[in-house]
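As C-alpha cells, the structure follows; a few thoughts come after it.
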Amino acid sequence: MGAGPGDPYFTAQGFAERHAALLAEQDAGVCRFHVLLDDDAHTVLGRFNLMDIVPGEDVELGYRLARRATGRGLATAAVRELCSLAGTSLGLSRVWADTDARNIASRAVLARAGFAPGGPAVREGEPVLRHVRVL
C-alpha cells in the first residue's frame, strides 16, 4: 500500500514527542481529542478536538473529516455532539472555531451546528473567520 497524504505527520521528526505531549494535555484536561470511526470501527473518518479548555468559560473546536465521508452530515452531527459535551460535561459556556474564508463547507457545518459569525481574526499570521456558539 502506498503512502497517504497524512503519512508525513506520523513519520515526521519529533512525532513521538509531539504525540506524548498531546496525550499529556488530554490527561491534564487541557484538550479532549476524539475520532469518528466508520461502521466497521476500524476506519477513521475524522477527528474532532476541543482544545485549550478554559474551565467555566470557553474552548476552541477543531476538526477534519476525510473527503470520502463528506456530504452525509457526519461533521455537523459530531460538532453538535461536542458542543453538547462542552456544555454539559465540561461546564463551558462558549465554543469557538476559526475557518479559512474560502472554506465554505466548514463554514456551513458550523452554521448548521448553531455557530454565529464572530468576525475576522488572525491565526498563525493568516486571516481567518471566527465562529462562536454560546452554550
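The values are calculated or read from the model by the stated rules, or taken from the named source; none is laboratory data. These numbers were taken from a predicted model, which means no experiment stands behind them. For neighbour counting, all protein chains shown are included, and Cβ atoms are generated from backbone atoms with ideal geometry for every residue, glycine included. For the accessible areas, the whole protein counts, side chains as well, though only heavy atoms, and no ligand, DNA or RNA atoms are used. Shrake-Rupley method; radii C 1.70, N 1.55, O 1.52, S 1.80 Å.
At a glance:
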read-out	value
For the range 60-69, Karplus couplings with θ = phi - 60° (6.51, -1.76, 1.60), whole Hz, Gly/Pro x	8, 9, x, 7, 8, 10, 4, 4, 5, 9
Carbon/sulfur fraction of accessible area - the chain, other protein chains in place, 1.4 Å, %	55 percent
Projected label distance in nm at VAL35 and MET51, using a 7 Å step from Cα toward the beta-carbon	1.8 nm
Choice from GLU60, GLU25, GLU124 showing the highest fluctuation, given a GNM over the chain with Cα pairs closer than 10 Å	GLU124
Cα→Cβ-extended label distance, 7 Å offset, between ARG112 and VAL128, nm	2.2 nm
Entry for Cα extents along the principal axes in Å (calculated from the structure that is shown) out of (1) 49, 33, 25; (2) 43, 36, 35; (3) 76, 54, 21	(2)
Extension gain, GLU17 back to ARG102 (0.36 nm per residue minus Cα-Cα distance, nm)	27.3 nm
Alpha carbon centroid spacing (whole Å) that separates the range 28-64 from the range 72-132	12 Å
Qualifying trypsin sites (Lys or Arg not before Pro) in the range 24-81, DSSP loop, other Cβ atoms within 10 Å at most 11	ARG72
